[in-house]
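Structure first, commentary second.
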Amino acid sequence: MEPDFLINYIQSPIFILQHKQKKSGTAQPQLPVGTLKEFEIPLPPKDIQQKINNEIARRISICNNIQSTVKDSLQKSEALRQSILKRAFEGKLLLEKELEEARNAPDWEPAEKLLERIKAEKEKTGNKKLEHIP
């Protein structure tokens, strides 16, 4: 038997289910050797075991690559978020033309006025949690 085949089988959902059904003890679950001998372990020919091992290794590699890509993407998105916030607070998020168009919009309100309204609302409510201020 290929050692990796046995390791892969012991980590499989089928084996884990058998283990849960046959283990004894509560504080420190045990699997006595006598019980282990009752397990049915499929034993294909060695070349098939090797093919199974290779396929498992290939799929694990794909999963690891996906996990790494997701982690990198999350880090990049957080860096982008920070960059956007920084540019927004520096007043560099919009081009001058876009900023002028926004200032001419009917619902334009300078940040100072919004902050004044928030301050007035806080004073009125006594610093309680504020509702949404449009």
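Readers should treat all values here as calculations from the given coordinates under stated rules, not as data from a laboratory. All figures in this text were calculated on a predicted structure; none of them were measured in a lab. Counting neighbours? That spans all protein chains shown, and the Cβs are built from the backbone with ideal geometry, glycine included.
Just how large is the dipole of the chain about the Cα centre, in debye to the nearest 20, putting +1 at every Lys and Arg Cβ and -1 at every Asp and Glu Cβ? Please list the in-between numbers first.
Values: 23 positive and 20 negative charges, 102 e Å.
The dipole of the chain has a size of about 500 debye.
Taking the chain as a Gaussian network, Cα atoms linked when under 10 Å apart, which of ALA88, ALA79, ALA111 shows the biggest mean-square fluctuation?
ALA111
In square nanometres and to one decimal, what's the mean projected area of the convex hull around the Cα atoms of the chain?
Numbers: hull surface 73.0 nm².
About 18.3 nm², averaged over all directions.
If each of THR35 and LYS119 carries a label point 7 Å out from its Cα toward its Cβ, how far apart are those two points in nm?
7.0 nm
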